[in-house]
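Have a look at the structure below before the remarks.
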Amino acid sequence: MPELPEVETVKRTLSQLIINKTIDYVTVHLPRIIQRPDDVVQFCALLENQTFKKVERRGKFLRFILDDLILLSHLRMEGRYGLFQKGDQVEKHTHVTFHFKDDTELRYKDVRQFGTMHLFEPGEEFLKPPLHKLGLEPLEANFTFDVFKEKLKNRKTKIKPLLLNQEVVVGLGNIYVDEALFLAGIHPEHTVDQLKDSILKKLYDAIIITLQNAVDAGGSSIKSYVNGQGEMGMFQQQLKIYGRKSEPCYNCGTLVERIVVGGRGTHFCPNCQLVN
C-alpha cells in the first residue's frame, strides 16, 4: 500500500495542486529518503528555481516533470504529499518540504520512513534503477491480451507471486491481486503454466476491471492512505474478497479463507476459485 490506483489518484490530485509552481528551496529532514544523488545538499541545490510542469505515474512511482529534471517518488507503505500554506503547523514525520515562491509548500510525510526520491536528467530515469526493469502498465493501450499472455508464457511459478512481481505487470499489490484472482475465478496457488488461454483472458480482463474501478473510486483506504488533499479512497467498500476472512463469499456463501502465498496474506473462496 499504496498500489496503482492510489498512486494514480495522488498523481491526479497533485496535478491540480502544484503545476506551474516554482521551487524556492527544499528542506530535507530525513536524508535516507533521498536515493539519488547521494548528496542531499546537491539534491536541494539542483531543485532550486525548478518549476513543476507535469505529474505522471510509472507503476507505483510518481514521476514529477520539472524544467530540466525528473523527480521520482515512491510512497512505499505510508508516504503522502500535501499542499500547505507557509506558516501552517508542520505535522510530525514531515521529512521533505518543497518551498514554493508563492509561499505555499509541498510537504512529504512518511510515518514508516520507507519512501524514496530519485533525481534524474530527462530520459535517464528509464535506463537506471528503479524504473529500468518495470513491466507492463495494465491501464495503458499497449497492455493487450497477447502481450500479457506472452509475458506469462512458460512460467511455472504460482500466479499470485507472479502478479506481484513488478517486472511482469506494474502497480499490482496484495489487495488488487486478490480481487482480480477472485473475479477471474483463479486459485492464488495455481501455477501459471497450467492456466488455459481462456482462463488467462478472464484474468487479463479482471486486472483491468479491478484497477479501473479502484481508480474511479479514488483507491482503497485500508490503513492510512489519503490523496494529496487529505481525502480517503472509497474502493474498500467494493472489495469482494480481500480482508474478508471467515465471511461468506458474495457469490456462493462459502466462508472466505486466508492463507499465506509467497509470504503474503492471501484471501480466496475455496469454492469459486480454481484449486491447484
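Residue by residue through the stretch 38-55, note down the ones that are within 16 Å of Lys21 (Cα to Cα) and under 25 Å from the mean Cα position of the chain (by Cα).
Result: Leu47, Thr51, Phe52, Lys53, Lys54, Val55.
If we scan the stretch 137-149, do we find a residue that is touching a residue at least 60 places away in the same chain (Cβ under 8 Å), touching a strand residue (DSSP E or B) at 6+ places or on another chain (Cβ under 6 Å), of a type outside the set (Ser, Thr, Tyr) and closer than 21 Å to Val260 by Cα?
No; the residues of the stretch 137-149 include none that is touching a residue at least 60 places away in the same chain (Cβ under 8 Å), touching a strand residue (DSSP E or B) at 6+ places or on another chain (Cβ under 6 Å), of a type outside the set (Ser, Thr, Tyr) and closer than 21 Å to Val260 by Cα.
Of all residues in the stretch 173-212, which are without any contact (Cβ under 8 Å) to a residue 40 or more places away in the chain and of a type in the set (Lys, Arg)?
Lys196, Lys202
Name the helices (runs of 4 or more DSSP H) wholly inside the stretch 110-208 in which the number of residues that are β-branched (Val, Ile, Thr) is 2 or more.
The helices (runs of 4 or more DSSP H) meeting that bar are 174-184.
For Lys92, only one of the following conditions fails: (1) exposed (fewer than 14 other Cβ atoms within 10 Å of the Cβ); (2) of a type in the set (Lys, Arg); (3) in a strand (DSSP E or B). What is its number?
That leaves (3) as the condition not met.
Residue under question is Lys158, and the condition is that it be at pLDDT 95 or above, farther than 26 Å from Ile34 by Cβ and basic (Lys, Arg); does it hold?
yes
Could you please give the count of residues in the stretch 67-78 that are touching a residue at least 40 places away in the same chain (Cβ under 8 Å) and either within 22 Å of Asn20 (Cβ to Cβ) or not in a loop (DSSP other than H, G, I, E, B) (or both)? Don't jump to the end; show me each part of the working.
Let us first name the residues in the stretch 67-78 that are touching a residue at least 40 places away in the same chain (Cβ under 8 Å), namely 68-78.
Then drop every residue that is not either within 22 Å of Asn20 (Cβ to Cβ) or not in a loop (DSSP other than H, G, I, E, B) (or both), which leaves 68-74.
Number satisfying all stated conditions: 7.
For the subset of the stretch 5-27 comprising residues that are in a helix (DSSP H, G or I) and touching a strand residue (DSSP E or B) at 6+ places or on another chain (Cβ under 7 Å), which member is farthest from Arg57 (Cα to Cα)?
Across the stretch 5-27, the extreme among qualifying residues is Leu17.
Would you say Arg80 is buried (at least 19 other Cβ atoms within 10 Å of the Cβ) and on the phi < 0 side of the Ramachandran plot? First the steps, then the outcome.
Details: buried (at least 19 other Cβ atoms within 10 Å of the Cβ): yes; on the phi < 0 side of the Ramachandran plot: yes.
So Arg80 fits the description; yes.
The values are calculated or read from the model by the stated rules, or taken from the named source; none is laboratory data. Predicted model only: the values in this text are computed from it and were never measured. So basically every Cβ, Gly included, is an ideal-geometry build from the backbone, and we count neighbours across all protein chains shown.
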